[in-house]
Every structure is written in structure tokens, then in C-alpha cells.
Amino acid sequence: MNTNIKYCNEKKIWVSNIIGDDYKKWKNEFVILDCGTGSGKTYFCINILGKYAEKQGKKILYLCNRRKLREQVYGDVGNAKLQGTIYVTSYQTLQKKIQNQDGIDYFDYIVADECHYFTTDATFNDYTDISYNYVMNQKKAVVLFVSATAKIFFKYLQDTKMVESKNSYKLDKDYSYVKKLFYYQSDELKSIIDDILENESDSKIIVFCNSSSRIIEMSKIYGEQADYYCSKTNRNYRLKKLCGWIDEDGKTKVNTCIKQYSKNHITFDRRILFATSVLDNGVDLKDVRIKHIFTEIVDVDTMIQSLGRKRSLDKNDTCTFYIREYQKKGIQGFINRISSQLEPVNLYKNNYEEFYKTYGEGKNRSKLKYNTVFYNFFAQKNRHGEIRLNDCKYRKYQQDFEMFSAMKEIGHKAYLGLILEKSLIDNSEDMVCGVEKLDMFIEFLKSIEGKRLYSDDQNFIKEEFETIGLKLRYKGINTFNGALEDTYKESYFCRFYNEDVDGKKYVDKRRTLPDGTINKNRDKHYWLLENRHPP
């Protein structure tokens with residue numbers, strides 16, 4: 001950390017306090033506001049800088065990453081009666097205007113709020129570099145990069161000297177509501193959650209998962225005890241169905257697990273919520289019952305955002321954080337995936353002849369289709385083609401490569417010690433659990449015991465057999481039971497049945513389901529997984 005950064009972690013210190021009158025001296029330069037939630041960043045940009053700009057006859061472009069934030073800022077600008085001075089829009093709208101070659105007015109100040117958008121959104125948005133390049137090329141404006149969670153991006157701006165040390169302002173987030181920060185291992189998650197569920201009758205748990213497969217894995221254990229949330233554009237069909245974006249007929253629906261009961265009561269109803277990082281984007285949960293937040297997200301900026309999804313309502317609204325610690329083998333896996341994206345791009349940028357020799361013809365050429373940094377795959381008959389790079393995505397991968405390389409060298413926990421707020425680090429310790437080795441396939445089987453299993457369900461059951469290395473040729477009941485007998489004869493005793501003990505076929509005759517809805521599976525045959533020979 002740059003020791004010249006203006007820094008303060010005393011309580012009740014606001015952004016405007018640490019900046020003072022410095023803003024009156026800013027001239028065509030970049031400024032960092034690395035300040036926690038609730039530190040007065042928006043207030044400073046609108047009510048202090050905005051009113052100063054109004055008096056000077058200057059204009060401010062205020063960029064937001066999400067519609068919710070844009071609406072909030074627009075309302076604040078209206079309350080301050082500065083509509084003629086501050087123009088509020090989104091990065092996405094700016095990108096479209098640039099793409100459409102629409103004229104963009106001159107602004108004396110540009111506020112790039114939630115500027116982690118440039119890097120974190122680059123992983124799924126192909127056009128973040130358009131707004132990024134626009135902002136970075138402003139030579140006759142003051143640009144404010146504002147975020148509570150852009151640690152890696154700010155480090156890049158400082159390391160490359162794009163932002164002078166005198167223009168970096170840091171104010172720690174207030175983590176006084178956090179009772180403790182624990183580090184845990186991957187296989188300890190179930191034991192910790194089960195302990196909470198057993199000993200705390202009312203508290204709720206959020207778990208941010210690093211992959212779709214992790215959420216599906218947890219659903220086999222917790223089933224209807226938990227809610228599940230992912231992006232509606234997630235490519236994993238099974239996860240989207242689990243999260244309620246797809247109904248039983250494969251039609252699109254709306255996930256309703258996040259509910260707003262009032263301004264200060266935004267929550268989920270079940271005891272646990274398993275979510276991907278998409279929940280970071282503009283969702284603030286307010287519920288005093290949310291007492292435990294786990295994050296398995298390895299990207300540092302996104303991880304910090306996930307920990308901040310719960311908003312503390314008062315001094316008694318406390319919470320415990322848990323961060324999954326990744327070992328060197330797992331970190332190397334992330335490095336390998338990033339390297340596979342960077343290698344052809346680096347070759348393209350630095351040695352086109354070698355790039356074309358390697359990827360211009362044959363099977364390797366088709367590999368470029370799966371490279372997410374290239375905008376498009378160049379035409380087969382065109383030697384040079386039309387290849388464009390997403391510079392933000394490229395920069396994100398470069399930053400991630402450096403981050404994971406440092407993590408591997410000094411250890412995940414040690415790296416986080418350099419990034420996280422001191423108040424969190426000083427309040428952290430390792431979680432020590434007696435962990436029983438889980439057989440996730442048996443946990444899956446337990447999750448479907450006694451449930452009606454229709455023909456559509458047999459497909460994913462077959463897929464689950466593949467997770468234990470059994471690629472079954474058929475989906476028949478005898479094939480499944482034979483595989484269970486061969487693999488779990490002495491440790492698992494349920495088997496699949498399609499008829500009752502009297503030989504009568506299982507047919508679903510229910511007209512309606514317990515919740516009152518029409519039974520779409522009426523008159524369909526089904527199986528049951530049950531133990532007919534208990535000890």
C-alpha cells in the first residue's frame with residue numbers, strides 16, 4: 001500500500017473530511033476515492049463537488065453501473081437541484097452512444113462510480129472497454145474513480161502511475177458489525193452450516209459459491225432447506241431450473257427468492273441462501289436474522305462485494321464472516337485457466353507471425369472461438385482477418401494472473417492480509433472442525449429418497465452416476481439398481497422401485513399438488529427410491 005495515500009479509519013470521518021478543499025485544486029487529473037459503503041462518497045460528489053461545479057459554471061458526468069444506483073443518484077441530484085450541472089447515466093448507455101457515434105457533450109468532471117465495473121463486469125460484458133477507453137482518454141477533465149471494492153483495480157492505477165499518490169483517498173469500511181472473520185476449508189462447509197442450524201434456531205446463512213457445480217452440490221445436501229440464486233442468463237440449465245428461472249416445462253419464469261417486505265426488510269425466506277456472485281450486483285439484503293455470510297469467491301474485489309451484501313441496520317445487527325481458504329493446488333488451477341486465455345492473445349499482440357503459425361490453420365485455429373478476450377474469430381480465408389481485443393477483459397486476466405501468482409507464492413490467506421481492511425484481519429482466525437468425509441453421491445441419493453421420480457428425472461440421475469465414474473449405457477431401473485448394488489452394497493440400502501410391494505405400478509393420480517397448483521404430472525408413471533428391507 002502506498003504510504004502517501006490519504007488515509008483515516010477513525011469513526012465518523014467522512015469522505016469530505018479527508019478531501020478537504022483539495023477538490024478545488026484538481027486540474028485535468030485522475031482521482032481515487034477508495035472508500036467504504038456509507039462513507040459519504042455520493043454526498044461529496046453531488047453536494048460538495050456538484051455545488052462547486054455549479055458555481056464555476058462547469059458540468060459533471062456521473063456514471064453508474066446498475067439501474068438501481070442510477071435511479072438513486074438521479075433522485076439525489078434532483079433533491080440537490082443540480083439537474084443542470086450533473087448528468088446521470090449508466091456505463092452501458094454511454095457505451096451504446098459511442099457505438100452509435102452519437103455526439104457526447106464535454107464535461108469538466110467525470111464520476112466513475114462503482115468503477116470496479118470496468119474489470120468485474122468484463123468477465124461477462126464484451127463492451128466494458130468502450131466506456132473504459134472513453135474515461136481513460138479524457139485529458140481535459142477531472143476523473144474520479146469511486147468504489148468501496150475495487151482494490152485490485154486501484155492497485156493497477158497506482159502501480160502504473162496513472163493516479164498520483166496525492167490524489168488517492170482511502171477511508172476504511174466500518175466493519176464494527178462483524179463479530180468474527182473465520183477462514184475455513186472447502187470440506188468444512190457442511191459441518192459449519194449444520195452446527196449453525198442445530199444451535200441457532202432463527203439465524204439465516206448466505207453462501208456465495210464460486211461455481212455452478214458447488215451450488216448444485218450443496219442442493220443435494222440441503223434441498224428445500226435453502227433458496228438458490230444465479231443469473232437468469234446462466235448457461236447451466238440445471239442450475240437455472242434449481243434457482244427457479246425455468247419451470248417444469250422448460251419455460252422461462254422469474255426467480256422470487258429475494259423479497260422486499262419493506263424498506264428495511266429485504267431478505268430470503270428459507271434458512272440458507274446459496275448464490276453465485278451475480279447477487280453482488282446491486283442487491284442489498286436487510287434482515288437482522290442474517291447472521292452468517294460465507295464466501296467461496298476467489299476474485300478479491302468480487303469477494304469483498306459479496307461480504308458487503310448484508311446491510312447492518314443498527315449496532316445490534318451483527319454478523320459473522322467466513323472466507324474459504326484456497327490451497328496452492330486450487331490456485332494453480334485458476335492460473336492454468338487464465339494462462340489458456342492469455343497465451344494466444346499475448347502471442348497475437350507481440351508476434352503476429354508466430355501467432356498465425358500456431359493458430360492460423362488446422363485444429364488450433366478453432367480454439368480461438370473459445371477465447372473470451374478476442375471479440376470475434378477471424379475469417380478462414382483471410383490471413384489477418386478482423387480480430388479485435390476487449391482491452392478491459394485482457395487487463396482483467398492480466399491482473400488476475402498477477403493476483404493468483406502472488407497468492408500461490410505467499411498463500412491465499414497471507415495475500416488477503418495485504419488487501420482486506422485491518423479491522424477484519426485483526427479479528428480473524430482459522431476455523432477448526434472435525435470434518436467427516438462426505439460421499440456427495442450418497443448425499444444426492446438421500447436428497448431424492450421418497451420423491452416421485454418421473455422420466456425426465458432419470459436423465460439427471462444418470463448424470464449423477466457419472467460423477468462417481470459410472471457411465472451407464474441405459475437409464476433403466478435395473479441398470480441403476482445394479483450400479484447401486486455393485487458400488488454401495490454394504491453402505492447404502494435404498495433402491496429404485498416402479499411399483500409397490502403388491503406389484504401395483506406407481507402412477508401419479510393427484511389432481512393438485514400440496515400447494516394447490518395443478519399437477520402437471522397427473523397420470524404419469526414414476527419411481528421411488530426407498531429401502532424396503534430396513535434392519
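So the values come out like this:
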quantity: Some residue of the stretch 338-348 being open to solvent by less than 50 Å² (accessible area, probe 1.4 Å), within 25 Å of residue 211 (Cα to Cα) and either of a type in the set (Gly, Ala, Ser) or in contact with a Cys (Cβ under 6 Å, 6 or more places away or on another chain) (or both); calculated: yes
quantity: Given (1) at pLDDT 95 or above; (2) buried (at least 20 other Cβ atoms within 10 Å of the Cβ), number of the condition residue 51 does not satisfy; calculated: (2)
quantity: Any hit, the stretch 33-41, residues being surrounded by 16 or more Cβ atoms within 10 Å (Cβ to Cβ) and modelled with pLDDT of 95 or more; calculated: yes
quantity: Considering residues of the stretch 104-134 that are in contact with a Phe, Trp or Tyr (Cβ under 7 Å, 6 or more places away or on another chain), part of a loop (DSSP other than H, G, I, E, B) and not hydrophobic (A, V, I, L, M, F, W, C) only, the residue least open to solvent (accessible area, probe 1.4 Å); calculated: 116
quantity: Filtered residue count, the stretch 79-95, keeping only those that are within 16 Å of residue 69 (Cβ to Cβ) and touching a Gly at 6+ places or on another chain (Cβ under 7 Å); calculated: 1
quantity: In the stretch 163-214, residue farthest from residue 287 (Cα to Cα) [restricted to those that are assigned to a loop (DSSP other than H, G, I, E, B) and open to solvent by 50 Å² or more (accessible area, probe 1.4 Å)]; calculated: 164
quantity: Where residue 465 falls short, out of the listed (1) more than 30 Å from residue 532 (Cα to Cα); (2) at pLDDT 85 or above; calculated: (1)
quantity: Identity of the residue in the stretch 423-480, closer than 30 Å to residue 172 by Cα and touching a helix residue (DSSP H, G or I) at 6+ places or on another chain (Cβ under 7 Å), that ends up surrounded by the fewest Cβ atoms within 10 Å (Cβ to Cβ); calculated: 425
quantity: Selection status of residue 498, modelled with pLDDT of 90 or more and either of a type in the set (Phe, Trp, Tyr) or open to solvent by 60 Å² or more (accessible area, probe 1.4 Å) (or both); calculated: no
quantity: Residue list for the stretch 251-269, restricted to those being in contact (Cβ under 8 Å) with a residue 60 or more places away in the chain and either part of a loop (DSSP other than H, G, I, E, B) or among the basic types (Lys, Arg) (or both); calculated: 268
quantity: Any chance residue 327 is among the polar types (S, T, N, Q), open to solvent by 10 Å² or more (accessible area, probe 1.4 Å) and out of contact with any Phe, Trp or Tyr (no Cβ under 9 Å at 6 or more places or on another chain); calculated: yes
quantity: Among the candidates 208, 182, residue that is at pLDDT 90 or above, more than 19 Å from residue 268 (Cα to Cα) and not charged (D, E, K, R); calculated: 182
quantity: Long-range neighbours under 6 Å by Cβ, at least six apart or interchain, first residue outside any helix (DSSP H, G or I) within the stretch 88-99, second surrounded by fewer than 18 Cβ atoms within 10 Å (Cβ to Cβ); calculated: 88/74
quantity: Residue check, residue 156 open to solvent by 10 Å² or more (accessible area, probe 1.4 Å), touching a Cys at 6+ places or on another chain (Cβ under 7 Å) and either over 22 Å from residue 242 (Cα atoms) or modelled with pLDDT under 90 (or both); calculated: no
quantity: Subset of the stretch 501-535 (residues that are farther than 13 Å from residue 452 by Cβ, in contact (Cβ under 8 Å) with a residue 24 or more places away in the chain and open to solvent by 60 Å² or more (accessible area, probe 1.4 Å)); calculated: 501, 532, 533, 534
quantity: Checklist (1) surrounded by 18 or more Cβ atoms within 10 Å (Cβ to Cβ); (2) at pLDDT 90 or above; (3) closer than 30 Å to residue 277 by Cβ applied to residue 137, failing item; calculated: (1)
quantity: Residues of the stretch 390-414 satisfying the condition of being more than 21 Å from the chain's Cα centre (by Cα) and either without any contact (Cβ under 8 Å) to a residue 60 or more places away in the chain or surrounded by 22 or more Cβ atoms within 10 Å (Cβ to Cβ) (or both); calculated: 406, 409, 410, 414
quantity: Yes/no for residue 305 being touching a helix residue (DSSP H, G or I) at 6+ places or on another chain (Cβ under 8 Å) and open to solvent by less than 30 Å² (accessible area, probe 1.4 Å); calculated: yes
quantity: Which numbered condition residue 63 misses (of (1) among the aliphatic types (A, V, I, L, M); (2) open to solvent by less than 10 Å² (accessible area, probe 1.4 Å); (3) modelled with pLDDT under 95); calculated: (3)
quantity: Residues being modelled with pLDDT under 85 and not aromatic (Phe, Trp, Tyr) - total across the stretch 102-127; calculated: 8
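The values are calculated or read from the model by the stated rules, or taken from the named source; none is laboratory data. Just so it is clear, the structure is predicted and the values come from calculations on it, not from any experiment. FYI the Cβ positions are ideal-geometry reconstructions off the backbone, even for glycines, and counts take in every protein chain you see. For accessibility, only protein heavy atoms count, side chains too; no ligands or nucleic acids. Shrake-Rupley method; radii C 1.70, N 1.55, O 1.52, S 1.80 Å.
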